[in-house]
1. Taking into account only those residues within segment 151-167 that are in contact (Cβ under 8 Å) with a residue 60 or more places away in the chain, out of contact with any Leu (no Cβ under 9 Å at 6 or more places or on another chain) and closer than 22 Å to residue 79 by Cβ, which is most open to solvent (accessible area, probe 1.4 Å)?
2. How many of the residues in segment 186-197 are open to solvent by less than 20 Å² (accessible area, probe 1.4 Å) and not in a helix (DSSP H, G or I)?
3. Answer yes or no: is there a residue in segment 170-185 that is assigned to a loop (DSSP other than H, G, I, E, B) and modelled with pLDDT of 95 or more.
4. Just need a number here: residues in segment 124-150 that are in a helix (DSSP H, G or I), over 18 Å from residue 85 (Cβ atoms) and touching a residue at least 12 places away in the same chain (Cβ under 8 Å).
5. Tally up the residues in segment 87-123 that are at pLDDT below 95, open to solvent by 40 Å² or more (accessible area, probe 1.4 Å), in a loop (DSSP other than H, G, I, E, B) and not acidic (Asp, Glu), please.
6. Condition first: at pLDDT 95 or above and under 13 Å from the mean Cα position of the chain (by Cα). Can you find one or more residues in segment 49-67 that meet it?
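The values are calculated or read from the model by the stated rules, or taken from the named source; none is laboratory data. For clarity, every value in this text was computed on a predicted model and none was experimentally measured. Glycine also receives a Cβ, built like all others from the backbone with ideal geometry; neighbour counts cover every protein chain displayed. Areas reflect the complete protein model, heavy atoms only, side chains present, ligands, DNA and RNA absent. Shrake-Rupley method; radii C 1.70, N 1.55, O 1.52, S 1.80 Å.
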Amino acid sequence: MNTTILRKSVLGIAGLAFAGGVFAGPVTEAHANPVDAKPVAVVQADKPGVDKGKLMPHGVQGKQSHITLDDEQTKNVKAIIAATKKSGMDERAAVVAIATALQESKLENLGHLGARNDHDSQGLFQQRPSSGWGTVEQITDPEYSTMAFLKGLKQVDGWKDMPLTEAAQTVQVSAYPNHYAQWEQQAADLVAEHWNS
């Protein structure tokens, strides 16, 4: 047998044995006391039940924006998700709703802003009492305002097949219809994080 082939074979076997030891970790003795063993915490990377393919079925459009949320904004995210579940809608509806609220209010439940206000727009979705969204008290209630937004979304034929910004715009009728798209990634991340929390 050729010595070069033999040497490569031996080195290959030795390399496999070494790699196996490195990746498998140290060999423990068979008579180790099981009482000394410590439990290992298992961390689950993805929460069950969140189908990430549903969150952004069309991918994102354009440059994405991101803001750091405080406790109040996170509470509003959870309220939107709870209202979405209560309405019987899925994770994609929550992504559309959260992206819309990120654009409209940065997830802050805004009251009337005086001279800086856009007409009489208020709440997470900047809904207007004068446009029939509800009373000021209703549209500044996160559950009510989310349910009102989702009711509008349900009435949009084929909303699930539309890009997020088009679905949101059909409900909101904004002067800036393409601005919702920039929040899709953060909205999807928030739904993935909080849908099952």
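1. Per the stated criteria, the residue is 151.
2. Selection size over segment 186-197: 0.
3. No, the conditions are met nowhere in segment 170-185.
4. Here the count works out to 2.
5. Number satisfying all stated conditions: 4.
6. Yes: one or more hits.
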